[in-house]
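Participant: I have a structure here, written as C-alpha cells, and I will follow up with some questions on it.
The values are calculated or read from the model by the stated rules, or taken from the named source; none is laboratory data. Since the structure is predicted, the reported quantities are computational estimates derived from the model, not experimental observations. Ideal geometry is used to build each Cβ from the backbone, glycine not excepted, and the neighbour counts take in all protein chains shown.
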Amino acid sequence: MSNAQQGKRPTSPHLQIYRPQITSVLSIVHRITGVGMALALILIVWWFLAAGTSDAYFNMVDGFLTSWFGILILGGSLLAFWFHFFNGIRHLKWDAGLAMSKIQVQKSGRIAIVATLIATTASLIYVFGGL
C-alpha cells in the first residue's frame, strides 16, 4: 500500500468498541504494579543509603517515609506487591497450561483480587497493630 493510501485508512477503534474484560484489566494493572514497585524500591534504597550517610540525613529521609504521604506510598506499594504476587501465580499456572478455560480465568482473576485485599489488610494490621 502506498503512503498516500495509508493516511486514508481508518484506525482500529479497539478501545471504543471492546468492553474491558477481567483478563485485560488485570494484565494492565499487573504491568502498572510492576512499575510502581520499581519506583517504590528507589525510595527504599534511598532510605538505606541515608542510613549509611549521616544521622541528620537519615532522620530527614525517615521523616518523609514515615509521614502520612510516605506511609500512603509504602501502603500502595504493599498493595501492588500482593497483587503482583497473586496475579503472577495465575500466570505461572497458565504457563503450565492449567486453568485456561474462560470460567477458570475469570475465577482466578477474582481470587487474585480478593487474596490481594486480604493479604494487604493482614499485612497492614500486622505492621500497625503494635502502634
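Participant: Quick check on this structure: which one of A40, A56, A51 is out of contact with any strand residue (DSSP E or B) (no Cβ under 9 Å at 6 or more places or on another chain), of a type in the set (G, A, S) and surrounded by 15 or more Cβ atoms within 10 Å (Cβ to Cβ)?
Facilitator: A40 is the lone residue from the list that is out of contact with any strand residue (DSSP E or B) (no Cβ under 9 Å at 6 or more places or on another chain), of a type in the set (G, A, S) and surrounded by 15 or more Cβ atoms within 10 Å (Cβ to Cβ).
Participant: I would also like to ask the following. Among the residues of region 76-131, how many are among the small types (G, A, S), loosely packed, with under 14 Cβ neighbours inside 10 Å and closer than 21 Å to L65 by Cβ?
Facilitator: Residues that pass the stated criteria total 2.
Participant: Would you confirm whether any residue within region 31-39 is among the β-branched types (V, I, T) and either at pLDDT below 95 or assigned to a loop (DSSP other than H, G, I, E, B) (or both)?
Facilitator: No; the residues of region 31-39 include none that is among the β-branched types (V, I, T) and either at pLDDT below 95 or assigned to a loop (DSSP other than H, G, I, E, B) (or both).
Participant: How do the pairs read when you match residues in region 86-104 that are at positive phi with residues anywhere that are surrounded by 14 or more Cβ atoms within 10 Å (Cβ to Cβ), using Cβ under 7 Å and keeping only pairs 6 or more apart or on different chains?
Facilitator: Correct list of pairs: A99/K93; A99/V105; A99/S108.
Participant: I'm trying to understand the selection: among the residues of region 105-131, which are free of Cβ contacts under 8 Å to residues at least 40 places away in the same chain and small (G, A, S)?
Facilitator: Once the filter is applied, which keeps residues that are free of Cβ contacts under 8 Å to residues at least 40 places away in the same chain and small (G, A, S), region 105-131 yields S108, A115, A119, A122, G129, G130.
Participant: So which of G88, G63 is closer than 30 Å to F128 by Cβ, over 22 Å from the mean Cα position of the chain (by Cα), of a type outside the set (D, E, K, R) and at pLDDT 95 or above?
Facilitator: G63
Participant: List the helices (runs of 4 or more DSSP H) inside region 41-131, counting only whole elements, that have at least 1 residues being acidic (D, E) and closer than 19 Å to H30 by Cβ.
Facilitator: Filter on region 41-131 gives 68-95.
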